[in-house]
Amino acid sequence: MKKFQREFSELSDALVASYHHYEIWWIYKNEREKYYNIMNKYLMFFSASLSAHFISMLMAISCLIDDRYIGIKSLYKKMKNENMLSLSEVKYIDKKFSELSNIIKGVRILRGSVFAHISDKIDSESAFLKANLKYDDFKELIYSLGEIFNMLRIANGMNILGFDINSSKVDANQLLNDLIDYNNSQTN
């Protein structure tokens, strides 16, 4: 039996969730011009949906970066301590975590000060400024965590986690296009 089954199972779920929520949030934010009219027609729904996917993505990422409970970094530390990783894997993963440290810090600021808790020390706007995150930072973080996670899976004798990361993007685009078509058919 492979080690750390629960950790791998829980983190697989969080990684998949972070990918899917990111893809839908990205469409709402960056393809807004294409769907502007339909999103404005259902403004409250899409406003709430945009927020929900961002928060869900942020919380799933928070699970992945948690180093006190089950997270990719804590799993990495356990596997490293049990000498399950080669020296080159350790160096590579340490380098990746170092490169991601500012993004991880930003996610933690948002999670801890705005979304999981409401800070009495910093307001939301200041927390976003302090986090200093760009849209692409979330993608970089999720993809890099996925790469590290798959390295850990391989080191544990498991197959890589494979799934269609664009499936939610395709579904969201199709939903929006179907909604446009339906609304157009109602006006004709």
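Points worth noting:
- Note on the chain: dipole from Cβ charges, positive end direction compared against Phe4, Ala48, Val114; the farthest Cα belongs to Phe4.
- Within segment 44-91, trypsin sites (Lys or Arg not before Pro) in DSSP loop having at most 11 other beta-carbon neighbours inside 10 Å: Arg68
- Members of Lys78/Lys139; Lys73/Lys134; Lys3/Lys77; Lys2/Lys96 lying beyond 19 Å, as alpha-carbon distances in this model show: Lys78/Lys139; Lys73/Lys134; Lys2/Lys96
- Label positions at Lys29 and Gln186, each projected 7 Å from the Cα along the C-beta direction, are separated by 2.9 nm.
- Using only side-chain charges placed at the Cβ, +1 for Lys and Arg and -1 for Asp and Glu, the dipole size of the chain relative to its Cα centre rounds to 640 debye.
- Ordering Arg108, Arg153 by the number of other Cβ atoms within 10 Å of each residue's own Cβ, fewest first, gives Arg108, Arg153.
- Residue order, fewest to most beta carbons within 10 Å, for Ile180, Ile142: Ile180, Ile142
- Top positive-direction residue, dipole computed over the chain with Cβ charges, set Asn37, Phe138, Asn156: Asn156
- Förster-model FRET efficiency, 30 Å R0, Val16 and Ala48, C-beta, rounded to 0.05: 0.85
- For the chain, alpha-carbon Rg relative to the globular expectation (2.2 N^0.38 Å, N residues): 1.18
Computed from the coordinates by the stated procedures, all read-outs in this text should not be read as laboratory data. Keep in mind that this is a model prediction, so the values were computed, not measured. In this analysis, Cβ positions are derived from the backbone assuming ideal geometry, glycine residues included, and neighbour counts consider all displayed protein chains.
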